[in-house]
1. Please state which one of 38, 88 is among the hydroxyl-bearing types (Ser, Thr, Tyr), farther than 19 Å from residue 128 by Cβ, in a helix (DSSP H, G or I) and modelled with pLDDT of 95 or more.
2. Scan (1) more than 29 Å from residue 77 (Cβ to Cβ); (2) hydroxyl-bearing (Ser, Thr, Tyr); (3) surrounded by 15 or more Cβ atoms within 10 Å (Cβ to Cβ) for the single condition residue 162 breaks and write down its number.
3. Condition (residue is in contact with a strand residue (DSSP E or B) (Cβ under 9 Å, 6 or more places away or on another chain) and in a strand (DSSP E or B)) applied to region 121-132: is it met by at least one residue?
4. Taking region 205-215, which residues are touching a Phe, Trp or Tyr at 6+ places or on another chain (Cβ under 8 Å) and over 14 Å from residue 174 (Cβ atoms)?
5. Check whether at least one residue in region 179-197 is within 22 Å of the chain's Cα centre (by Cα), surrounded by fewer than 16 Cβ atoms within 10 Å (Cβ to Cβ) and hydrophobic (A, V, I, L, M, F, W, C), and report yes or no.
6. Among the listed residues 119, 140, 154, 178, which satisfies the condition of being over 22 Å from residue 200 (Cα atoms), without any contact (Cβ under 8 Å) to a residue 40 or more places away in the chain and not assigned by TED's automatic domain parsing to the domain that holds residue 39?
7. Hey, among 185, 199, which residue is modelled with pLDDT of 90 or more and either touching a Lys or Arg at 6+ places or on another chain (Cβ under 8 Å) or assigned by TED's automatic domain parsing to the domain that holds residue 79 (or both)?
8. Filtering region 1-20 down to residues that are at pLDDT below 90 and assigned to a helix (DSSP H, G or I), which residue is surrounded by the most Cβ atoms within 10 Å (Cβ to Cβ)?
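The values are calculated or read from the model by the stated rules, or taken from the named source; none is laboratory data. Fair warning: this is a prediction, and the values are worked out from it, not measured in the lab. Note that each Cβ is placed from the backbone with ideal geometry, even for glycine, and that neighbours are counted across all protein chains shown.
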Amino acid sequence: MHYDEVNDALFQAFPSFFEVIELDLQYYNDDYCGGQYSVAARFVDFLEDCHSKGDDETYRKGLLFIEQLHQSNWRDVRELATVGYLESFLDWSEKDKLANDLGDESKRWWLELNLFWQGKIDGIGQSFRLQQGDHIEHEGKTYEYLGKGLKATGSKTIWRLSPELYFKCWNCGYFMNGDPQTDDRCLCGILNKSSGYGRFGIKQGDNTIEVFQRV
């Protein structure tokens, strides 16, 4: 699901919520990020109301929707799930019980939000930032984090490509093998590798590329 498809998916899954918000959509469409954040805040109000009325089925279905957003391949969708949806729960009188109802990924970001608003970290996501030498699992394989940018490949001036290296797109999370003899493109199209032209890089700047090697 792409970012601009989130609201349509939400309304399809929750027609009763669409009935509540339908008349206001014309105003939200001109808001920040196309209205998705305004709709997210209203949806959280809707879920809180469902919970207070004992409609546990809709409440849990809504939390599952948020969990699915957190599992998206698209960074802007994941940010919407955290900053748009989860953060809107912070003023809820029963927020202390929310963590027990959330899916695994949503719970991870809910705890991170609380650390941020308690002043224990400087930014949302700080706790999850990789350090050089950290290991991660991806599609059943283990990778070691080397750092960001071309310096993480051991070069100061040009990208050192190798089949042993993998490069992760900051936006869609695509893992690209560094074999210089093959062409590749990430899911969102901003990270590209061209063997014929000897080109490799990303539109947003080389220092946004995370570098890994297989363990």
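1. 88
2. Answer for residue 162: the failing condition is (3).
3. No: region 121-132 contains no residue that is in contact with a strand residue (DSSP E or B) (Cβ under 9 Å, 6 or more places away or on another chain) and in a strand (DSSP E or B).
4. Within region 205-215, 206, 213, 214, 215 meet the criteria.
5. The answer is yes, given that some residue of region 179-197 is within 22 Å of the chain's Cα centre (by Cα), surrounded by fewer than 16 Cβ atoms within 10 Å (Cβ to Cβ) and hydrophobic (A, V, I, L, M, F, W, C).
6. Checking each option against the conditions leaves just 140.
7. Exactly one of 185, 199 is modelled with pLDDT of 90 or more and either touching a Lys or Arg at 6+ places or on another chain (Cβ under 8 Å) or assigned by TED's automatic domain parsing to the domain that holds residue 79 (or both), namely 185.
8. 3
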